[in-house]
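Written out below as structure tokens is the structure these notes cover.
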């Protein structure tokens, strides 16, 4: 009987458990551990693990595969704590989103008798916590894999097998490249969401204003509403890349500010391009990022007529009614005797 | 037989139709109009309207209540076009999110024989387009109402009755106050989402990077992925208030940048406060914003222990492992001989 141990039974950990259980691996016991006994209890109830162990050492004892699904900054302490309890040949993996740091910690804390092969599953769903766990969470998505330089071929194979059992697609990547991309598409959105909430919730009018907050605010604030420990880790574990992207987005916001103030045509173009970029991303994602030559995928909902309406003379006509109504305040300020 | 006409059969227009049909108003016919024949066809199929009229004048003819559920900047042309076809005593309302402009247009284009009572339903759902339409979209939410200064008591009552029939809560507001709040919680999120997409999608690495984009990017980009005409209108219809909020969020992003760079404790506090602000908003929203004295509502998922872990010595311990790993680049630059 082989043992797979999952430490951390939130959304990712429990979903890995459920997917492994569904894969019906022969002679395999899935053991879980979570610092919250309530979360551990729910994971058992969901059938994500065969049993849980409250004691960390008992949980990892005899495991041939150990999955760490915990906030990134909890990883070094956990590696340090379990290092002495792992059997020779145990393969350790994680699910964190900052791989350079995790690989360095694995190198520092794990004995040479153990293989470390980092991982980062890319999840499409917006659910959170053990309640959102499901066996299909990783299906057809990419699962990034980062073997440590000293990992054995068998260790890498064990993680690839796990990823395949999850229904996911193994994707080998350079950790540095991974971290720079993740800063843009995973950590920057967290900072923006938190900055938006900080800006509006500090307003003296927030009490009244918050009644008007509906779907747009709900969406824009949702990342700020995720586990703040995880968000903090995301902001600091890969600081330099994130700072670069915060700078980029501040530049973009200033450009949008300029366009909102006095260049409706450029703003229209920028919004249409953002719409198109997202629609193309969704289309490429839906096709599994199988890139083909030939015409680009069709963008749903965005017709040629719509594009024309947003450009040139038709746009100018549309917005003339607004300018007739409000002479912009800044124009008054700018006006100089000629 | 009274006639209610809905112009614009997207998410809002069709949901109003469905809710009115469900309310089983006596001797009432609901007529729809949309510039897209496909959308009009779907609205009929859903049962959102009894019939559609392709011709705008035929659609509004004889209507005692006219609902404009179209992008804000389409409102002046539509008001101008239908003004001559409206019967005496017709009540006109809209669903746009910039009320000062709409009220001014109504004053300019509608004859004195017609009442204008602006509206702005606050929607909780994240769905979009006619496919997402449902009769419960407005249930228990606020529906802001803005009678024009010359609207009759009967006109206001007609719109309040409609709002009540939708299962929604009438909420009278000052248009200027409404617009300043909406800029913060509805239009700012759109600009931020678009700026984020513009920043990352312009990167030369976007082709590879986009494969790593998953749930966080999906959420953060979703507003940029809504109808770009509606987004453009949102950005310009209430320009001055929006510019103020873009400035506020840029200041916040710079503050987050500073904290990410070298103040992990302040960052931890800011993220915890953002988390709390959102959780409190959700709790107040769930209770219908019925404010009580006494203890504030409980914040789910955020324990005292969690707060402590994110502060002070425990936090410092947690992040020491990261600082041990990476000497920050900027520290090297800053170091001066003592």
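See the values below:
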| quantity | calculated |
| --- | --- |
| Average partner coverage of A:92-102, which counts Cβ from other chains inside 10 Å | 1 |
| Over 30 Å [Cα-Cα, chain B], rounded percent | 47 |
| Beta bridge orientation in the protein assembly as shown: antiparallel %, DSSP, nearest 5 | 20 |
| Prolate/oblate/rounded label for region A:2-173 (Cα gyration tensor, a/c 1.5) | rounded |
| 7 Å along Cα→Cβ, label-point gaps from residue A:89 to other copies, nm, shortest first | 9.0 |
| Cα-projected label distance for residue B:247 with residue B:266, points at 7 Å along beta-carbon direction, nm | 2.2 |
| For chain B: relative contact order, % (alpha-carbon pairs under 8 angstrom, 6 or more apart) | 13 |
| Rounded if a/c under 1.5, otherwise prolate or oblate - region A:132-244, Cα gyration tensor axes | prolate |
| Pseudo-label separations to other copies for residue B:27 - Cα-to-Cβ vector, 7 Å, nm | 8.2 |
| Degrees, to the nearest 10: A:11-22 long Cα axis against longest axis of chain A | 50 |
| Estimated FRET transfer efficiency (residue B:208, residue B:287; beta-carbon r; R0 35 Å; 0.05) | 0.15 |
| Fewest-first ranking of A:280, B:137, using other Cβ atoms within 10 Å as the exposure measure | A:280, B:137 |
| Other copies of residue B:161: label-to-label distances in nm, shortest first, labels 7 Å along the beta-carbon direction | 7.3 |
| Distance-filtered residues of region A:59-93 - backbone nitrogen under 15 Å, label point 7 angstrom along residue A:150 Cα→Cβ | A:80, A:83-84, A:88-92 |
| Inter-centroid distance (Cα atoms) of region B:147-178 relative to region A:23-48, Å | 54 |
| Rounded FRET efficiency, nearest 0.05, which uses the C-beta distance separating residue B:54 from residue B:80 and R0 of 25 Å | 0.85 |
| For a label point 7 Å along the Cα-to-beta-carbon line of residue B:136, residues of region B:153-179 with backbone N under 17 Å | B:166-169 |
| R0 of 22 Å, Cβ-Cβ distance residue A:27-residue A:161: FRET efficiency to nearest 0.05 | 0.95 |
| Virtual spin-label span in nm between residue B:64 and residue B:2, 7 Å along Cα→Cβ | 0.4 |
| Mean Cβ count within 10 Å, highest first, over the residues of peptides A:99-107, B:33-41 | A:99-107, B:33-41 |
| Between helix B:188-201 and chain B: long-axis angle, C-alpha atoms, 0 to 90°, nearest 10 | 60 |
| CD proxy at 222 nm, helix term only [per DSSP H run n ≥ 4: -39500 (n - 2.57); per residue of chain B; nearest 500] | -16000 deg cm²/dmol |
| Crossing angle, helix A:312-325 versus chain A [Cα axis fit, 0-90 degrees, rounded to tens] | 70 |
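Just so you know, all these numbers are worked out from the coordinates, no wet-lab data involved. Small disclaimer: the values here were computed from a predicted structure and weren't measured. When we count neighbours, we look across all protein chains shown, and the Cβ atoms used for this are built from the backbone with ideal geometry, even at glycine.
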